[in-house]
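Some notes on the structure that comes next.
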Amino acid sequence: MSDKTLLDKAYDPKPVEERWGKFWLENGVFTADARSSKPKFSMVLPPPNVTGHLHVGHALSFTLPDIIARWRRMKGYNVLWLPGMDHASIAVHNVMEQALAQQGLTREELGREEFLKRAWEWKKKYGGIITGQLKKLGASLDWSRERFTMDEGFSRAVRKVFVDLYGEGLIYRDYYLLNRCPHCGTVLSDIEIEHREHQAKLYTLRYPIHDSSEWVEVATTRPETMLGDTAVAVHPDDPRFIRLRGRRAVLPLVGRLIPIIADEKVEKDFGTGAVKVTPAHDPVDFELGRKHRLEQVIVIDGAGRMTEAAGPDFQGLDRFEAREKVVERLREQGYLVKVEDYSHAVGHCYRCKTVIEPNLSWQWFVRIAPLAKEAIRAVEDGRIEFVPSNWAKTYFEWMYNIHDWCISRQLWWGHRIPAWYCRECGTVAVAMEAPPSCPKCGSGKLEQDPDVLDTWFSSALWPFGTLGWPEDTADLRTFYPTDLMSTAFDIIFFWVARMIMMGLKFMGRIPFRQVFINGLVRDLKRRKMSKSEGNVIDPLEMIEKYGTDALRFTLAALAVPGQDLSLSEERMAGYRTFANKIWNASRFVLMNTGPGSPTPAGPTAASGKPSLADRWIRSRLARVMEELDEALENFRFYEAADRIYHFIWDEFCDWYIELAKSDLKAPRSATPAVLESTLDHILKLLHPFMPFITEEIWHHLPGAGRSLALAEFPAPRPEWKDEAVEAEMKALQEIIVQTRTIRTENKIPPHRKVGLWLRPLPGADRAALDGRQDYILSLANLSSLKLTDRFPDGRPLLKGIAAGFELAIPQDEELDPAQEKLRLEKELAKLVQEIEKLSQRLRNESFLERAPQAVVEEVRSKLQELEQKKAKTEEHLGQVFGVK
RNA sequence: GGGCGGUUAGCUCAGCGGUAGAGCAUCGGUCUUACAAACCGGGGGUCGCAGGUUCGAUCCCUGCACCGCCCACCA
């Protein structure tokens, strides 16, 4: 890729990201092959709204599956990750109508046709913003298969599903009380309502009993609805109201006589124990009304304005104005008993946050129970697995209590309901295409239902509609069912559950095998990010500042299953540093193994004798490779990230490269080859997390292929693991660290070379040391030490114990006895404390009896070791400073 | 009202039955020829509270407290 063998000194993400992002797309690196013989792994992207722009939630829920996709691809799977966009009817209406309002226009004034024309133009112009941003993130999507929920094929799929369900009686039309958003001008389904706590008032009203001087008190939070009351209800067992049974009340302000009914739904202990019933404006009252065959008087229309039925005093008023006025009138006329502060939950539109208005209208519904039954079973019997598994509980709870789904919306942008009404005979014709005439009376006067379908109705078909259904395509055969659905918990009901129902219904098979639910991204105070709070972290800004790889790695490192994550910029800065670290480690490797270097990693090196460090890093690498697979298999992104991070930084950079510096000096060393191959492995292992920088560096290595994204992910190499080598290395590391500590605490300047004298403690393996003399020497160089064979008499010594060795640093100058004494005493105190803990356990007979032998043994040998150490330390103290 | 999750080092978070970990911050020392966006060393936690189970609990059980979220037809 590049002639340069030496990379720039600091890593600059921008040009690298630009170059490789473009390269991947232009070369079809992520294009799947429906006819491949490789095992397939498929996912569909949760289609972002066309109104969307990338926020950090997207960044998370696209990065995680991308890591999986890239990992699988490198492991030899035929990976399809299919992108697309959702037409998002309500959201689009919101933004477009807002724009219209600025011109003083409403959509009605514009007309349906013109509105749709503009919507399409708008989609064309702005709809691709988020997909462009997705590309920036490095998401390895197959753009050749991009779909849109309103493209022709998909729309056809939507119509077919509607027609088929209708044919089976699973879609029906009903006159029902539903949540309507007065602002958006459409009904909403139950889950599109957000409940928010309101500090409101509870009004107690007094309704006179007809033909009597008595009255009944009722409580309400919505006095304006009293104009539409058609009953008062009490509990059948409530003794207070037995005398009122069968009587009628006179509705104040209106004068209508309304029955007093008894129903068990009424809570005896709430309010006055009697409740006003408004079947046309309250969900409970609506049910009550159907049960008791009460009249429905509509006093508020869908836009939240009072109707003619509300009476001349109120007609045309907004519902909240009407509330004030009704209360005023009631007060004037003595019907208002009291007003109390009252806090309760009020439904709001999930899009525009307007208080919803229950409203009666004709709507289309999906009869959900039969579909839900199958969908429940698919999760129960494990065909579909939720990760983390506790989300299955959320899913079940909703599915068990699921209500029929209202799918019609009074909007224009979307899939128009394929139903035609005959103006002559009133027949409803449901069909894929407009029928030329009424199938019943033959009249040509047919009118299509003006409404469109709930956006989620079409999203529900995403896993198969995007693959070509209802056609029997190669893609559909190869890639359905998909393997993984990765998404956030807030759309389990909206989307996941419905995809499962529709997939089972129309494909006869589950739409995906696993559902991975990622956490929510919160700010540092654990608050949800929202524009109004002003606590939004903009991923694009982060990319600009820290690079995409750093952003991706941060998200992965914070992605603990089942946990929301608090995104911190500091953390991201840390991973930018990590990228730079990798960059520089690679520079080191390339400088020392490249063709121009004094120690090229050619065939000679490959056949050279591996040093201890060579064998050690290989062994450690083998472990990381295993752990990474395991972690990704289980969606433990944070674990994978943490593991690779520490392997690269601590083991590869801080130890191996440092050791390599002296190993490289040995004749016929294998180190250049090991350096190069370890880097190659590191790049591959890290690529799913940090695709850009790894791809860039990889192309500087000999033997790099077309793209690292298509290279083979390192397969497990158990034969590389070497316990003995790791143990030996660990001992040597301990010795080094110990000497460094001694030096630092005695303020020996880092650059001053001092001698190191080593003697195995009784019981330690002397041979292990002897055989490694030269090696220890090179290790010692790490800390400006030189190994001395002979204990130099008569000079001050700094002493320590590490890994079964007694060590001493002879000092050329006078050392500060106070300093050294302090160090040893501190050390001693620590030892005494630990020894006490351990011996306490060993003194406990129950422990000796009941704990596993291995544990007891471990404690014993640890204790022995500590005691030896303690003895030595005391000896040092006594010897050198005369302290006993 | 029902359910779910959280409470571990100054901050953000891992760990979850056998002597407490990371990143950042902090203290001390280094420009050691890949990297000062670095290197070396150190300090810092009675793991929310109270009981229980266990040889042994941060980890399991019960209760409590506080924080966050989801669901819900007490008007």
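Per residue, the convex hull spanned by the alpha carbons of chain A comes to 251 Å³. Across the stretch A:200-205, computed HN-Hα scalar couplings (Karplus, 6.51 cos²θ - 1.76 cosθ + 1.60, θ = phi - 60°) run 10, 10, 10, 9, 9, 10 Hz from first to last residue, x flagging Gly and Pro.
The C-alpha atoms of the stretch A:603-742 occupy a region whose extents along the principal axes are 43, 35, 27 Å, arranged from largest to smallest.
Give me the mean projected area, in nm² to one decimal, of the convex hull enclosing the Cα positions of the stretch A:602-651.
Numbers: hull surface 16.6 nm².
Mean orientational projected area (the stretch A:602-651, Cα hull): 4.2 nm².
Over chain A, dividing the summed -39,500 (n - 2.57) contributions of all DSSP H runs of at least 4 residues by the number of residues returns a 222 nm mean residue ellipticity of -13000 deg cm²/dmol. Take the Cα of A:Glu630, step 7 Å toward its Cβ, do the same at A:Arg752, and the gap between the two points is 4.6 nm.
Zone of A:Gln514 (label point 7 Å along Cα→Cβ, backbone N under 11 Å): which residues in the stretch A:609-644? Of the residues in the stretch A:609-644, A:630-637 have backbone N under 11 Å from the label point off A:Gln514. Here the ratio of the Cα radius of gyration of the stretch A:106-252 to 2.2 N^0.38 Å is 1.81.
So between A:Phe320 and A:Arg290, what do we pick up on full extension, going 0.36 nm a residue minus the alpha carbon distance? If you can, show how the numbers build up before the last one.
Working: separation 30, 0.36 × 30 = 10.80 nm, distance 2.69 nm.
Residue separation times 0.36 nm, minus the Cα-Cα distance, leaves 8.1 nm.
With Rh defined as the Kirkwood radius, the inverse of the mean 1/r over Cα pairs, the Rg/Rh of the stretch A:226-295 is 0.93. Distance between the pseudo-spin-label points of A:Ala666 and A:Glu471 (7 Å out from Cα toward the beta carbon): 6.3 nm. Principal axis extents of the C-alpha atoms in the stretch A:661-747 (largest first, rounded to whole Å): 53, 31, 27. Using the alpha carbons alone, the radius of gyration of the stretch A:332-371 stands to its Kirkwood radius in an Rg to Rh ratio of 1.20.
Mind pulling the angle between the C-alpha long axis of helix A:56-74 and the longest principal axis of chain A? Nearest 10 degrees, somewhere in 0 to 90. Around 60 degrees separate the two axes.
Calculated FRET efficiency, A:Lys135 to A:Glu332, Cβ-Cβ distance, R0 = 51 Å: about 0.20 to the nearest 0.05. Between A:Val346 and A:Arg706, the distance separating the two model label sites (each 7 Å from Cα on the Cα→Cβ line) works out to 6.1 nm. Note on the stretch A:34-107: percent of Cα-Cα distances in each 10 Å bin, starting at 0 and stopping at the bin with the largest distance, equals 17, 33, 23, 15, 8, 3.
Which FRET efficiency, nearest 0.05, do A:Asp650 and A:Asp190 yield, Cβ-Cβ r, R0 51 Å? Please report the intermediate quantities before stating the final value.
Values: r = 52 Å, r/R0 = 1.02.
E(calc), rounded to 0.05, equals 0.45.
Straight-line reach only, C-alpha to C-alpha below 18 angstrom: list the lysines that A:Lys291 could link to, leaving out same-chain residues fewer than 8 apart. Cα-Cα hits under 18 Å: A:Lys265, A:Lys276. Built from the Cα atoms of the stretch A:73-164, the convex hull projects on average onto 8.6 nm², one quarter of its surface area.
Rounded, prolate or oblate: pick one for the stretch A:1-130, where a ≥ b ≥ c are the square roots of the eigenvalues of its C-alpha gyration tensor, a/c under 1.5 means rounded, and failing that, prolate if a/b is larger than b/c, else oblate.
Working: a/c = 2.96, a/b = 1.85, b/c = 1.60.
Prolate, because a/c is 1.5 or more and a/b exceeds b/c.
In this structure, the pairs whose alpha-carbon distance is over 19 Å, taken from A:Lys373/A:Lys505; A:Lys22/A:Lys136; A:Lys9/A:Lys135; A:Lys38/A:Lys136; A:Lys665/A:Lys747; A:Lys125/A:Lys160, are A:Lys9/A:Lys135; A:Lys38/A:Lys136; A:Lys665/A:Lys747; A:Lys125/A:Lys160. Other residues within the sphere of radius under 9 Å centred on the Cβ of A:Arg618, judged by their own Cβ, net out at +2 (K and R +1, D and E -1). At full extension, A:Glu544 and A:Arg423 could sit 37.6 nm farther apart than now, given 0.36 nm per residue minus the alpha carbon distance. Note on the stretch A:578-630: Kirkwood hydrodynamic radius from all Cα pairs is 13.0 Å, rounded to one decimal. Measuring between their Cα centroids, the stretch A:117-148 and the stretch A:179-210 lie 38 Å from each other.
Computed from the Cβ-Cβ distance with R0 of 25 Å, the FRET efficiency linking A:Ala10 to A:Arg717 stands at 0.15.
Here, each number is a calculation from the coordinates, and none is a lab measurement. Predicted model, so just to flag it, every value in this text is computed and none were measured. Heads up, the Cβs are rebuilt from the backbone with ideal geometry, glycines too, and the neighbour counts pull from every protein chain shown.
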